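The structure appears below as structure tokens.
Read-outs throughout are calculated quantities, based only on the coordinates presented, and are distinct from any laboratory measurement. Please read these numbers as outputs of a predicted model, since none were measured by experiment. No Cβ is skipped: glycine too gets one built from the backbone with ideal geometry, and neighbour counts run over all protein chains shown.
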Amino acid sequence: MIDANQSIASVVLAEPATGSVFQRYAIDFCTFGTETVAERCRALGLDVGGLIAELEEACVYSDTGEPLSPRSIMELMSEIVATHHEWTRRSLRDLLRTAIKVEQQHPSHGAKLGLLIGAIEQTDELVRWHLAREERELFPALLEKASRRHDIAHELTCMRDEHFLLLGGLRRIRVAADGFVAPPWACHTYRELLASLLSLEIRAQRAIHFESFALMPRLIVAQGAQGAQGARPPRSRL
């Protein structure tokens with residue numbers, strides 16, 4: 001049973017399938033994770049009862065398995081790399097190839113499609129840089145420092161700042177894709193591309209949410225941190 005006074009973060013952590021419902025109403029559960037369901041509904045003029053009904057329906061028909069949160073730090077990091085990082089790398093490259101193919105099929109709309117290709121290319125470069133940093137630098141440093149109860153504020157700040165950049169890249173793709181709404185001239189391949197880009201956005205936001213509300217708080221507790229400041233989720237500045 002989902003309560004209107006639950007934070008959006010706690011809802012998505014407990015029931016990952018609800019992420020797609022929040023996305024449908026343009027509720028960025030990374031940016032607004034600390035707000036309650038009721039607070040976000042009031043801000044957007046949504047019927048809170050209707051939204052909760054949709055969230056609970058998503059839970060009933062979900063096949064996502066167990067909640068994300070009750071795992072060790074090492075397990076959380078391993079899941080992020082194996083599940084989210086590898087999928088995102090593959091997907092962005094596949095989507096870029098498809099976007100180029102669509103541009104070739106619709107030369108009269110080359111200028112518009114060129115903007116979309118540019119947004120995907122920029123986001124792909126940013127994502128690859130960030131994922132490599134997490135795997136080679138940030139995650140190892142966080143794991144070691146937290147286990148030794150050393151300060152992890154610098155690493156957490158780096159992660160949050162890079163998350164801001166990633167969310168900005170996703171928004172640029174959304175804008176270039178006209179909110180993933182297919183134009184009348186769109187072929188089947190372009191329609192599939194737009195659907196896949198929307199899926200990428202949802203899954204990437206879920207991964208950022210996972211790091212912000214499952215991994216970061218666990219690290220802060222492990223190193224005996226200085227309160228809840230480090231556990232705050234990324235607030236969009238882009």
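In the chain, taking the dipole from charged Cβ atoms about the Cα centre, the farthest positive-side position among F22, A207, V12 is held by A207. A dipole drawn for the chain from +1 and -1 charges on Cβ atoms has a positive end, and of M216, L55, H150 the residue lying farthest that way is H150. In this calculation the C-beta distance from H109 to A38 is compared with R0 = 41 Å, giving a FRET efficiency of 0.45.
Which of the three applies to the stretch 8-60, rounded, prolate or oblate, going by the alpha-carbon gyration tensor with a ≥ b ≥ c and a/c under 1.5 meaning rounded? Oblate, since a/c reaches 1.5 and b/c is not below a/b. The D161 and R89 beta-carbon pair, evaluated with R₀ = 25 Å, returns a calculated FRET efficiency of approximately 0.75.
How high is the relative contact order of the chain, in percent, counting Cα pairs under 8 Å that sit 6 or more residues apart?
Answer for the chain is 27 percent.
The magnitude of the dipole of the stretch 74-213, with charges of +1 and -1 set on the Cβ of Lys/Arg and Asp/Glu and taken from the Cα centre, is near 300 debye. Residues considered: H130, H106, H85. Largest GNM mean-square fluctuation over the chain, using C-alpha springs under 10 Å, is found at H106. Determine the distance separating the Cα centre of the stretch 90-127 from the Cα centre of the stretch 159-222; give it in Å without decimals. Their Cα centres are 15 Å away from one another. Of the peptides 179-188, 156-165, the order by per-residue mean of other Cβ atoms within 10 Å, starting with the highest, comes out as 156-165, 179-188. Tell me which of Y190, I117, M74 sits at the most positive position along the dipole axis of the stretch 73-231, charges placed on C-beta atoms (Lys, Arg +1; Asp, Glu -1). Towards the positive end, the residue furthest out is Y190. Helical runs (DSSP H, four residues minimum) scored at -39500 (n - 2.57) apiece and divided by the length of the chain put the mean residue ellipticity at 222 nm at -20000 deg cm²/dmol.
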